[in-house]
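Undergrad: Quick one: the structure is below, and I'll ask about it shortly.
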Amino acid sequence: MTKPTPRNFLSPLIVGFGLGGTLYLSFLLTGHGLGAYGFFRDLTASMASWVKPFWTAENTFLLTFLYEDGPLSTWIAWEVAGIGVGALAGSLAAHRFRFKIERGPRTSSATRLVFAVFGGVLTGLGATLARGCTSGLGLSGGAVLSAGAFVFLVAFFLAGVLVSTFSKRLWR
Amino acid sequence: MTFPLEHPSLWLILGLGILFGVFLEAGGLGSPRKLVAQLNMRDWTVFKVMFTAIVVAAGALLVSEQVGLLAGAQLKVQTPFYWAMAAGGALLGIGMAVGGYCPGTAVVGLLTGRLDALFFIVGMVGGVLIFANYCDAFQGLFFAGMGNERETLASLSSLPGWLILLGLVALAWAGFHFSAQFESRGDGVIEAKNLTD
């Protein structure tokens with residue numbers, strides 16, 4: 001059975017207006033923007049407290065992100081769940097859902113997964129330092145013209161462009 | 001002043017998240033190859049989507065505040081820690097160049113069937129744990145370059161918000177204009193059908 005051809009992506013301008021409208025609604029209704037990193041930070045704190053409760057209870061950083069009602073009680077957990085639902089529904093509707101390990105044609109699956117973990121570690125560390133990620137600080141901060149957000153975005157693109165000249169081989 | 005709401009329901013926030021996920025997926029931002037193609041200057045989708053979204057949201061927020069629909073003082077504006085945010089931003093840029101995602105797009109990647117996104121997420125948990133384990137050593141960098149509370153480009157430059165917005169619109173326009181030259185060279189924009197293999 002051949003899978004149906006995937007529908008192509010929407011134009012960046014349409015997606016930008018849709019995303020901007022969603023971001024505006026988020027600020028209008030909740031007073032804050034959209035994010036993602038915060039959920040993974042909270043999740044890490046909860047998992048650490050299951051595995052090493054005493055270490056976590058004494059950790060000045062993780063302690064802040066343990067909540068009485070658990071990591072799924074926060075607004076960002078619900079928002080990230082929404083991202084997942086929206087992405088799943090959208091990709092199924094447009095026939096773009098595919099089980100795979102996405103990688104460059106000359107990269108083995110194992111290499112790709114090792115670099116995915118490595119990139120994830122840098123991202124977890126970086127988003128903690130910056131107190132937010134591309135969505136939570138870059139996009140949401142950008143919408144309220146936050147000075148820190150633009151410093152973040154410039155550093156993100158400069159470092160990304162620079163390093164990707166060396167990591168190009170992984171992807172093409 | 002009726003907005004923002006004092007106690008927005010979690011279901012409402014779930015709905016906002018769904019819209020966010022639908023648009024990220026529809027733009028192709030769940031694909032690490034498409035995200036990295038931006039860093040290679042081959043496909044300018046990320047720049048176009050992000051800049052359009054920022055300009056649209058910022059414009060709508062400014063107007064809503066002007067007409068008295070929204071209490072601007074109640075919107076969350078991060079206190080800048082310039083060096084910490086620059087260092088963190090750079091790490092996210094490198095993380096995307098080698099790992100292919102950022103936190104939000106990794107969620108989209110995972111829920112569109114990409115196993116590599118799960119490995120990226122495991123890595124992120126590891127990164128947070130490294131910070132937590134060495135948080136004393138990271139304290140200096142974490143608080144480096146603290147700025148004024150609620151500092152914006154407008155308050156920093158003493159220019160009106162609408163003028164800053166106009167500057168961003170000009171920058172976005174320039175990006176759209178010049179990216180066409182990059183995108184017409186080489187392999188060009190990554191389409192959904194390029195990602196099926």
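Undergrad: As an exercise, take the mean of 1/r over every pair of distinct alpha carbons in the range A:12-99, invert it, and state the Kirkwood radius in angstroms.
TA: 15.2
Undergrad: Just check the range B:89-197 against the gyration tensor rule for me: Cα atoms, a ≥ b ≥ c as the square roots of the eigenvalues, rounded for a/c under 1.5, and otherwise prolate or oblate depending on whether a/b exceeds b/c.
TA: Since a/c reaches 1.5 but b/c is at least a/b, the shape of the range B:89-197 is classed as oblate.
Undergrad: Positive end of the dipole of the range B:51-177, charges at C-beta (+1 Lys, Arg; -1 Asp, Glu), about the Cα centre: which of B:G59, B:S155, B:G109 has its Cα farthest in that direction?
TA: About the Cα centre, the residue reaching furthest to the positive side is B:G109.
Undergrad: Could you give the dipole magnitude of chain B about its Cα centre, charging the beta-carbon of Lys and Arg +1 and that of Asp and Glu -1, in debye to the nearest 20?
TA: For this selection, approximately 240 debye.
Undergrad: Give the average, rounded to an integer, of partner chain Cβ atoms located within 10 angstrom of each Cβ in B:36-45.
TA: Taking the mean over all residues of the peptide, I get 5.
Undergrad: Right, something else. Taking every residue in B:145-152, how many Cβ atoms of other protein chains lie within 10 Å of its Cβ, on average?
TA: Mean partner-chain Cβ count within 10 Å for B:145-152: 3.
Undergrad: Right, another one. Once you order the gyration tensor axes a ≥ b ≥ c over the Cα atoms, which shape class does the range B:1-85 get: rounded for a/c under 1.5, otherwise prolate or oblate by comparing a/b with b/c?
TA: prolate
Undergrad: In addition: Does chain A come out rounded, prolate or oblate, given a ≥ b ≥ c as the square roots of the eigenvalues of its C-alpha gyration tensor, rounded meaning a/c under 1.5 and, failing that, prolate meaning a/b above b/c?
TA: Since a/c stays below 1.5, the shape of chain A is classed as rounded.
Undergrad: Looking at chain B as a GNM with Cα springs under 10 Å, which of B:K48, B:K76, B:K34 has the largest mean-square fluctuation?
TA: In the Gaussian network model the winner is B:K76.
Undergrad: Taking the alpha-carbon set of chain B, what are its Rg and Dmax in Å?
TA: Radius of gyration, then largest Cα-Cα span, for chain B: 19.2, 52 Å.
Undergrad: In vacuum, with every alpha carbon of the protein assembly as shown counted as one equal point scatterer, what does the Debye formula give for log10 I(q)/I(0) at q = 0.07, 0.09 Å⁻¹? Two decimals, please.
TA: Once normalised to I(0) and log-transformed, intensities are -0.28, -0.46.
Undergrad: Give me the count of lysine pairs in the protein assembly as shown whose alpha carbons sit under 20 angstrom apart, restricted to pairs 8 or more positions apart or on different chains.
TA: Value for the protein assembly as shown: 7.
Undergrad: Under 11 Å from the Cβ of B:V107, count the other residues' Cβ atoms, weight Lys and Arg +1, Asp and Glu -1, and hand me the total.
TA: -1
Undergrad: Across peptide B:128-140, what mean number of C-beta atoms from other chains lies inside 10 Å of a residue's C-beta?
TA: Across B:128-140, the average partner-chain Cβ count within 10 Å equals 6.
Undergrad: Now a separate question. Which percent of Cα-Cα pairs in the range B:136-197 sits in each 5 Å bin, short to long?
TA: Over the range B:136-197, the share of Cα pairs per 5 Å bin runs 4, 12, 11, 11, 10, 11, 11, 13, 13, 4, 0 percent.
Undergrad: What size of dipole, in debye to the nearest 20, comes out for the protein assembly as shown about its Cα centre when the only charges are +1 on Lys and Arg C-beta atoms and -1 on Asp and Glu C-beta atoms?
TA: Dipole magnitude for the protein assembly as shown comes out near 1420 debye.
Undergrad: So which chymotrypsin sites (Phe, Trp or Tyr not before Pro) in the range A:91-172 pass both tests, a DSSP loop state and at most 13 other Cβ atoms within 10 Å of the Cβ?
TA: A:F99
Undergrad: What's the extension gain from A:I14 to A:T60 if we count 0.36 nm per residue and subtract their Cα-Cα distance?
TA: Computed gain between A:I14 and A:T60 is 12.2 nm.
Undergrad: Calculated from DSSP H runs of 4 or more alone, at -39500 (n - 2.57) each and per residue, what is the 222 nm mean residue ellipticity of chain B, nearest 500?
TA: -21500 deg cm²/dmol
Undergrad: Let me ask another. Counting Lys +1, Arg +1, Asp -1, Glu -1, what net charge surrounds A:R112 among other residues with beta carbon under 9 Å of its beta carbon?
TA: Neighbourhood net charge equals -1.
Undergrad: Summing Lys, Arg as +1 and Asp, Glu as -1, what charge do residues with Cβ under 13 Å from the Cβ of B:L19 carry, B:L19 excluded?
TA: That works out to -2.
Rule-based calculations on the coordinates, nothing more; no lab input. On a predicted model such as this, the values are computed, not experimentally measured, just so you know. Cβ: placed from backbone, ideal geometry, glycine included. Neighbour counts: every protein chain shown.
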